[in-house]
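Undergrad: Got a structure for you, written out below as structure tokens; questions coming shortly.
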Amino acid sequence: MKQALSIYHNPGFIKGRKSLSLLLARNQEIFSIAGSLNKFNPFSIIYGNYLSVDHPETSRSVLLTSTRMMCSAPKLKPTCPNFSSGPCKKHPNYSLSSLPESTLGRSHRSSLGKSRLSLAISETHRILNLPSDYIVGIVPASDTGAYEMLLWNVLGDRNVDICHWESFGKGWYNDVISHLKLRDMVDVFEYTSPYGQLPDLSNVNPSHDLCFTYNGTTSGVRVPNCDFISDNRTGLTLCDATSAVFAMSIPWNKLDAVTFSWQKVLGGEGAHGMVILSPRLIERLENYTPPNRPLPKIFRLTKNGKLINGIFHGATINTPSMLCIEDYISALSWVEDFGGVDALIKKSEENLSVLEYFVKENDWINFLAKEQDIRSCTSVCLTLDLTSNQIKHFVKLLEQENVALDIGGYRDAPPSIRIWCGGTVETEDVEKLMPWLTWAYKEVNNCQNL
């Protein structure tokens, strides 16, 4: 049975226009009805193959054939629609069935379990080409747990500079102020900027401890280099590099502690974090105990004033998932086969270049990071010439088409989308996605009056 709907327009709002274009959506059909304002007021519409428009002067109904207004969808879709910024896409040719099962159901304290954990640590050190005197450990609670572990163990010995330009960096600052209450002990200096920008990093003091995020996953802004960190610093640098490790060139000698998680650039699983420590950081751990700061077991890196070395040789603080360990070892093996870290960096930059060309050719989309040298090549954040609700519709359309999943901007960021371009994402898939962005934008604009 046909369903009727009367729609009244506001003559004052459309005064001066010669025609009225009305978009209606029902059952994924979009109709356009054009009529003279002088003749058709109000419109009476019947859904179906024809539209009935009441003519107030003649009291006759005029039948108009419906016109389909949906934009023509691109023919090609990305082979994999996973563009999430965490957990991120699995590496090409990944197969869960290919992972070894020998450690499953076995103790992580067994010789087999410890050997696999130790392998994950040693391969990380080798593939990242870390300085020989830096150490690597597997710790609980992903990158968040790893970075919080450093904050609670290390800070308080001297003044601290905290640089942040997105939500996670701001979170570290808030924890330092509100939970560690560090200002009761030392001076804490905050250097911040709005989303899409970097603060003036030249203000950091080499005698202070420094906390910063290498790549802002929620803002798409990275540091272009670490020249702002002095080679002659007396303070320590604590760097959250979870969406930068394996995707960006990192000057390890500038950083005394680095954290990351497997779920980002390598497309691993969540819940496990990695800490990379320099000799200077180890010296602080063994010679400084924060006063009146009890630490839960999963945060403890020292015992009786000495580093717990077992953490850095496969004796984890708590029980890890051995399946996740095998998944991570698989990802490391893929990195090696792909050509190493340099090849992954190149791949991420190539993916970013696809988006840069697209943005250059389309004036309705822009990078949240305006300056090219601070633009992330992993978590690429983009603003659209759409309202916040329209962007949500844009994201939903692409998800419904199984073209791009989980690309909505972070909840604390300005209204935006976020497309992951790390090395596990195929450049061809990024290229195939571009026409779909245009399609979704046009679709949203066609429906803006609904």
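Nothing in this text is a laboratory measurement; each read-out follows from the coordinates by a stated rule. Just so you know, these numbers come straight off a predicted model, no measurement behind them. Virtual Cβ from ideal backbone geometry, glycine too; neighbours counted across all protein chains shown.
Undergrad: Do we have Gln372 as surrounded by fewer than 18 Cβ atoms within 10 Å (Cβ to Cβ) and within 30 Å of Gly340 (Cα to Cα) here? Spell out how you get there, then give the answer.
TA: On the way: surrounded by fewer than 18 Cβ atoms within 10 Å (Cβ to Cβ): yes; within 30 Å of Gly340 (Cα to Cα): yes.
Answer is yes for this residue.
Undergrad: Inside region 94-105, can you point out the residues that are of a type in the set (S, T, N, Q), under 18 Å from Val335 (Cβ atoms) and in contact (Cβ under 8 Å) with a residue 24 or more places away in the chain? First the steps, then the outcome.
TA: Going through region 94-105, the residues of a type in the set (S, T, N, Q) turn out to be 95, 97-98, 102-103.
Next cut, under 18 Å from Val335 (Cβ atoms) only: 95, 98.
Selection gives Ser98 alone.
Undergrad: Tell me which helices (runs of 4 or more DSSP H) are completely within region 257-364 and hold 3 or more residues being surrounded by 15 or more Cβ atoms within 10 Å (Cβ to Cβ) and under 27 Å from the mean Cα position of the chain (by Cα), or say none if there are none.
TA: Numbers: elements: 279-287, 322-338, 341-361.
In region 257-364, 322-338, 341-361 are the helices (runs of 4 or more DSSP H) which contain 3 or more residues that are surrounded by 15 or more Cβ atoms within 10 Å (Cβ to Cβ) and under 27 Å from the mean Cα position of the chain (by Cα).
Undergrad: Now for a different question. Hey, among the residues in region 106-129 that are of a type in the set (S, T, N, Q) and free of Cβ contacts under 8 Å to residues at least 40 places away in the same chain, which one's surrounded by the fewest Cβ atoms within 10 Å (Cβ to Cβ)?
TA: Taking region 106-129 and keeping what is of a type in the set (S, T, N, Q), we get 107, 110-111, 115, 118, 122, 124, 129.
Now narrow it down to the ones that are free of Cβ contacts under 8 Å to residues at least 40 places away in the same chain: 107, 110-111, 122.
On the way: Ser107: 12, Ser110: 12, Ser111: 9, Ser122: 14.
Among them, the one singled out is Ser111.
Undergrad: Still on this structure: Return the total of residues in region 204-222 being in contact (Cβ under 8 Å) with a residue 40 or more places away in the chain and either over 18 Å from Gly171 (Cβ atoms) or charged (D, E, K, R) (or both).
TA: Result for region 204-222: 6.
Undergrad: Go through region 138-163 residue by residue and tally those that are among the polar types (S, T, N, Q) and closer than 8 Å to Gly273 by Cβ. Lay out the reasoning, then the answer.
TA: Filtering region 138-163 down to residues among the polar types (S, T, N, Q) leaves 142, 144, 153, 159.
In the following step, the residues that additionally are closer than 8 Å to Gly273 by Cβ were identified as 142, 144.
Looking only at that region, the number is 2.
Undergrad: Criterion first (on the phi > 0 side of the Ramachandran plot and surrounded by 17 or more Cβ atoms within 10 Å (Cβ to Cβ)) does Gly156 satisfy it?
TA: Details: on the phi > 0 side of the Ramachandran plot: yes; surrounded by 17 or more Cβ atoms within 10 Å (Cβ to Cβ): yes.
Yes.
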